[in-house]
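The structure appears right after this line, and notes come after that.
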Amino acid sequence: MEDLSFIRKAGSILFVLLMLGDISISAQTKSFDVTLAPFSSSIYDEFSPVFYKNEIVFCSNRRNNSVVNYQSDQKNLFNIFYVVQKDSNSWSGIKLFANELTTNLNDGPVSFDETGNTIYFCRNNNISHHLNNNADASNKLGIYSAEFVNGKWTNIKPFTFDDPLFSFVTPAITPDGKRLYFASDVPGGFGGTDLYYSDLHNGSWTKPVNMGPAINTSKNESFPFATKSGKLFFASDGHEGLGGKDLYYSLEVNGKWINPIHLDSDINSPADDFGLVTDDNFRNGFFSSNRRKTDDIYRFTAGLVQFPVCDTLVKTNYCYLFYDEFQKANDSIPVIYEWDFGNGIKKYGSEVPYCFPGPGNYEVTLNIIDSLHDSVQSSTIYKFDLEEISKAYIKSPDLGVINEVIAFDGLKADPPDVKITDYMWNFGDGFITRGPVAKKTFDKKGIFTVQLGLIGDKDSIGNDTKICFCKEIKIYNDFLELAMNNSKEVSKPGKSVAKSPAINESNTLAIKMYLMNNLSELQKSKIDINLYKTIEGTIVTHEKGIDKASYPVLDKFIKVLNENPDLKLEVAVHTNDKGKSGNNLDLSEKWAQDVNSYFIKNGIPAAKIHCKGFGESRPIEENDIMANSRNKRIEFILLSNNN
Amino acid sequence: MLKRFLTILFILFIVATGFSQSAPSAEENIPYLVTFGADSKSSWGDDDFCQIFFFRIPTSQIKPIYLRIYDPGTGGDLDEAKGDFNTGVRFSIYGGHGCWSDKDAQNTSPVGNYKSGNLLGSQIFGSEPKYDKTYYTFGPLNPSEGELVEKLGGRIFKIIAQGVSGDDGNLYRYFLSTNPDKNIPVEGGNFFTYKYHLRLPNDQNQVCQIYPYVDDKTISIEISNFDWDNDGQIKMVSLAKNGVSCDISGENNWVKNKFPIVEDEKNTSVEVQFIKNKTIKVLNNNVVVMVRNQYGLSLPFYVLPIGGVPIYKPKIRMKTIK
């Protein structure tokens, strides 16, 4: 009969030899306080704890009153138990979790979705076997689920893809119940047990997907646990670690699982460490370890990590000044230096600045034009590779608005010669959030400093390497405020459409066009060529919306948006203070909606266009006779879609 | 570029029709060499009334060669009269050991043993019209009569044009040929000199240039010009310089400028451009130019520039903007 020991053998022997090492490691500055859970015994094995309501549910081979079970080595089989925390220091007695989930063979580990009404658990596939069949290795472990109905676990059924010939173990359901992670030794993996996932679509589980070489190794990966924020904790004896099974976590970034991050040495040890469960912030939780010879459950609490120095980030850019080293002030042939960047952008001058979008292979051509004969005197191609700039780096917007989720990515934080073992974010409340990526919503306007602390390998005297850097992010009340403070107006007064009695100053909106500062040179160039230099006309309004005389102007924006998928457009419509305030707001919103509808009707995806009316609330100057026409305006703000 | 393209086309045309391998060459766009009579004033544009040119014949050339002089006399339309023509100019050809290698031969002044080597032929031309706008041919010359100079890649002959009497300016050209009656180029042949006496074109839109060769020992050059008057600008162009201006000499006066030579310019020809004055028309301007290295040694001007016409090649650099 199969039990979970087959995926936990590695590392056990090393345990005794390395106990001293364990002690020395645990004596270092702690990122986590780790204590033996009071309900762990030194006689029995306890492992794979999970949260369930106010209980901790776990596996153990302790004796229970309902069944008599033991293995051939005279150790009992594993069943599912639970304890209840009564207060911060005391726990209830250990009880069998549910009779209806208890067999006379192996049961557990388990996993619950966030409703607590569905359980996924592991058990031997053939539960009718008698005790004398315990040694039957063909009775593999499989994954089962059950529903909690009327106080009992019912409707026990096997996972769709269970195969009696292979093991399907350590299930972990995501909190939303839509993805099931598990370990299996089915053929076709990378070796040993691999981690797989299956998604729930329309009530059915999809075919399991191997999590790939970033996660799986030729050895064993198992004991997954998924948090709400997307972190996947698991155990492996194949990745680089302290010995035996160690705990790691990974998460999916841009569709790829990042290389597993080895958990702090306060948690990992040279023995087997596995079966971790934590809150979403990885602040508190439990894990399993056989560092005391028997499998035990340990409790961990994140310590308050301090980073004494936090450097301000220098923003990474790829901006360079191009020049001709030979060109001297006394070179007097009348020539024009034309720098062709190969993407339609040409700049003129003996020295020109240019910002590249990022690393890559580039080619710049310098044409020296004889201005007397208007002919190219020489043409020189300069090829070069821009390599990724290796320095601490937080990838995130520099600007944001309140109540908007902002993503921070520390994966580019790549200090040379340091292997990062932990990422800690401080959004003003201490280094609480862990992980290479984090999300934050700011609820007030202001300038905020975001710190990223990196913990690296221990140095030669056993201290953690700590690196910290920070960046500022400006938060605005809304996007328009953000745009107005971080863009450059480039519009020129629109030429009026042919005058007709129906069109006069009172029913037109002055056009103002802004380019966000963070647009790339290529984006600015395209806008300059296709929009700024060609836009004519104005926006004509009437009581019901935008007059069709305005369409030629809007068509220019549509053309630019269609040709530049990396651009999006924010439109703000304003009135002056003539008329009633409520009416003005309604009117501006109506006009904004009309503009929005015209864009969408002409194929612009809704995600690329946002139009809003502000009525008279945001005059650019005090309303008077002269300013009325200037306050009544439409603002087009072009920004990068990649923000 | 267009100008150069047309120049190249013109060169190809000349090669194809046999009008080639001349001094001055098509690349130089110089109308004539000039030598004044011995009684002339140097302020007329000739500091020493003596022009020394060398011509190189590759060792592969074994058949006889000819040196042809166009309009060798001093009379007629082409030459510069100072009153009635009364000038005699002697053209002498030298070969054999020392014709180039004697240190006085490479001197920029006709002093000492500048007539070194074996005299192979000599002829004085006066104002007689016989050779107006036509050729006088020296030769046949046996190539083996030249001085073998391995570092120059062939056998070297020398031709000295020296004003012996009178005060007029003799304007002429040389052609190297394998035929006494036609200009058939000697393959691999070339002319060079250490001091260039030349007549500038009268057309204000023309640009002339000469090509000193800079060897790998050169770290700086000194460009000297004589009697430039006020006829526009002199600029230096090379792979690494795009028109560095030289000071221009006034009437009957030498002026010189020193320029550093960078690595990219070594073992290449540089170009000294003569750009005519666009606002003031200066006619019949004669000028003398020479270039010396940091040791004071004269650099040779090859009429067919070694390594080709230098075209400025920018050295693109990029530096981070913070």
Within the range B:207-302, what is the number of lysine pairs with alpha carbons under 29 Å apart, leaving out pairs fewer than eight places apart on the same chain? 26
In nanometres, what is the gap between the two model label sites at residue A:292 and residue A:176, each 7 Å from Cα along Cα-to-Cβ? 3.9 nm
So if R0 is 45 Å, what FRET efficiency would residue A:583 and residue A:472 give, r being the distance between their Cβ atoms, rounded to the nearest 0.05? 0.65
Taking H as built 1.01 Å from N, whose amide H comes closer than 5 Å to the amide H of residue A:97, not counting residues under 5 places away? A:80, A:81, A:82
Between residue A:152 and residue A:412, what is the label-to-label distance in nm when each label sits 7 Å out along the Cα-to-Cβ direction? 5.9 nm
How large is the Kirkwood hydrodynamic radius of chain B, counting all unique pairs of alpha carbons, in Å? 19.9 Å
Given a Förster distance of 22 Å, the FRET efficiency implied by the Cβ-Cβ spacing of residue B:60 and residue B:263, rounded to the nearest 0.05, works out to 0.10
Two decimals is fine: what is log10 I(q)/I(0) at q = 0.24, 0.25 Å⁻¹ for the range B:22-109, from a Debye sum with one equal scatterer on every Cα and no solvent? -1.44, -1.48
Furthest towards positive pole of dipole, A:421, A:216, A:282, structure part the protein assembly as shown, Cβ charges: A:282
How many Å³ per residue does the convex hull of the Cα positions in the range A:134-290 occupy? 147 Å³
With the convex hull built on the alpha-carbon atoms of the range B:138-233, volume per residue in Å³ sits at 191 Å³
Solution diffusion estimate, µm²/s, Stokes-Einstein, the range A:390-477, Kirkwood Rh from C-alpha pairs, 20 °C, viscosity 1.002 mPa s: 159 µm²/s
With 0.36 nm assigned to each residue of separation and the Cα-Cα distance removed, residue A:126 to residue A:622 gains 170.3 nm
Cα-Cα separations in the range A:225-274 greater than 14 Å, expressed as whole percent: 47 percent
State the three equivalent ellipsoid semi-axes of the range A:317-386, derived from the C-alpha gyration tensor as the square roots of 5 times its eigenvalues, in descending order and whole Å. 23, 13, 10
Could you list B:231, B:132, A:295, A:176 in order of exposure, starting from the residue whose Cβ has the fewest other Cβ atoms within 10 Å? A:176, B:132, B:231, A:295
How many lysine pairs does the range B:78-192 hold where the Cα atoms are under 22 Å apart and the two sit 8 or more places apart or on different chains? 10
In the range B:118-212, which GluC sites (Glu not before Pro) are in a loop and have at most 15 other Cβ atoms within 10 Å, using DSSP for the loop call? B:187
So what's the back-of-envelope 222 nm ellipticity for the protein assembly as shown, counting only DSSP H runs of four-plus at -39500 (n - 2.57) apiece and dividing by all residues, rounded to 500? -2500 deg cm²/dmol
Calculate, for residue A:444 and residue A:372, the FRET efficiency according to 1/(1 + (r/R0)^6) with r their C-beta to C-beta distance and R0 60 Å; round to the nearest 0.05. 0.45
Calculate the tail of P(r) for the protein assembly as shown: the fraction of all Cα-Cα distances greater than 40 Å, expressed in %. 64 percent
Between residue A:253 and residue A:597, what is the label-point separation in nm under the 7 Å Cα-to-beta-carbon projection? 4.4 nm
Residue-wise, which Karplus ³J(HN,Hα) couplings in Hz belong to the range A:222-227, taking 6.51 cos²θ - 1.76 cosθ + 1.60, θ = phi - 60°, and x for glycine or proline? 6, 6, x, 8, 10, 9
For all pairs of alpha-carbon atoms in the range B:28-199, what percent lies in each bin of width 5 Å, listed from the first bin to the last filled one? 2, 10, 18, 22, 20, 15, 9, 3, 1, 0
Semi-axes of the range A:235-393 from the Cα gyration tensor (sqrt of 5 times each eigenvalue, largest first, whole Å) come to 60, 16, 12
Starting from one equal scatterer on each C-alpha and no solvent at all, send me the Debye-based log10 I(q)/I(0) for the range B:182-322 at q = 0.20 Å⁻¹, two decimals. -1.21
Give me A:195, A:263 sorted ascending by neighbouring Cβ count inside 10 Å, so fewest comes first. A:263, A:195
Counted neighbours (other Cβ, 10 Å), sorted fewest up, put A:338, A:46, B:128 in the order B:128, A:338, A:46
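Every number here is computed from the coordinates shown, using simple stated rules; none is lab data. None of these values were measured; they are calculated from a predicted model. Quick reminder, even Gly has a Cβ in these numbers, built from the backbone with ideal geometry, and neighbours come from all protein chains shown.
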